[in-house]
1. Just grab the label-to-label distance for D181 and R80, each label 7 Å out from Cα along the Cβ direction, in nm (one decimal).
2. Under 10 Å, Cα contacts only: if you run a Gaussian network model on the chain, which one of A31, A84, A60 comes out with the highest mean-square fluctuation?
3. Which one, L134, L155, L37, has the greatest fluctuation when you compute a Gaussian network model over the chain with C-alpha springs under 10 angstrom?
4. GNM, the chain, Cα, under 10 Å: largest mean-square fluctuation among P107, P20, P79?
5. Label H209 and R68 with points 7 Å out from Cα along Cα→Cβ: what is the distance between them in nm?
6. Compute the helix-to-body angle for 136-149: its Cα long axis versus the longest principal axis of the chain, expressed 0 to 90° and rounded to tens.
7. Using only alpha carbon pairs under 8 Å that are at least six residues apart, calculate the relative contact order of the chain and give it in whole percent.
8. Of A219, Q77, L6, which is farthest towards the positive pole of the chain's charge dipole, taken about the Cα centre with +1 and -1 on the beta-carbons of Lys, Arg and Asp, Glu respectively?
Amino acid sequence: MSGDVLLEIEHLSAGYSGVPVVRDLDLTVAAGEIVALLGPNGAGKTTTLLAVSKMIPVLAGDIRVFGRSIRDRRSHQLPREGLAHVLEDRSLFFQLTVAENLRLGSPSGRPDLERTLEYFPQLQALMDRRAGLLSGGEQQMLAIARALIAEPQLLMIDEMSLGLAPLIVERMLPIVRRIADETDAGVLIVEQHVHLALEIADRGYVLSHGEVVHQGSAAEITSDSAMLESDYLGNLGETS
């Protein structure tokens, strides 16, 4: 982990139709580290990611990506500068093949697949299959692979495990750790399997009602699991 700060969120308020869902949120992500954003449904986790990628407006505070405020930037500019956002719904083109989806993730339209397929070799045999015919796990692999094609410096993944069997999640989360270690990309991940997320994360933030109620190293948060389970997360292994 190089320690260069890639994402700085200061006193963020963001929401919908002018109504804040997240309030006064501070958060950082450095190069090579994985930060887990945790909390119950409706806590503001997805809202935070959408604000970073400029898909919803910032109502107050500031967000700096790669040292520069995003206030004057548009959402389509950020991916070109090194931000990749894997949305909760994966946003694949179901009528296109795996190869075509990957090609769309490349700024040049000519993706270098060799490095990406090192992380997801299962996709190699599926290149000619339409994305809509893939299993849920294969679709999630494709969504992350498409994000990696552009060689992002900052990767945000929203609810990677949504709709997936726990066994698949256990296999995929270590791949995210490997991506951070080998590419030095910073990763901000929202994950409903809290214990599994904390096993690969360096640090974490816990949100409740749009505010940070706990933060610290992954080990510190894990050690406080009894308090978090009762006060903020419900069942730690199940709640998103």
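Quick note: the coordinates plus some simple rules give every number you see, no bench work behind them. The structure presented is a predicted model; accordingly, all values stated were derived computationally and were not measured. Methodologically, a virtual Cβ is constructed for each residue, glycine included, from the backbone with ideal geometry; neighbour enumeration extends over all protein chains shown.
1. The two pseudo-label positions are separated by 3.5 nm.
2. The residue with the greatest mean-square fluctuation here is A60.
3. Largest GNM mean-square fluctuation: L134.
4. P107
5. With each label point 7 Å from Cα toward Cβ, the separation is 3.9 nm.
6. Orientation of helix 136-149: about 90 degrees from the principal axis.
7. 27
8. Q77
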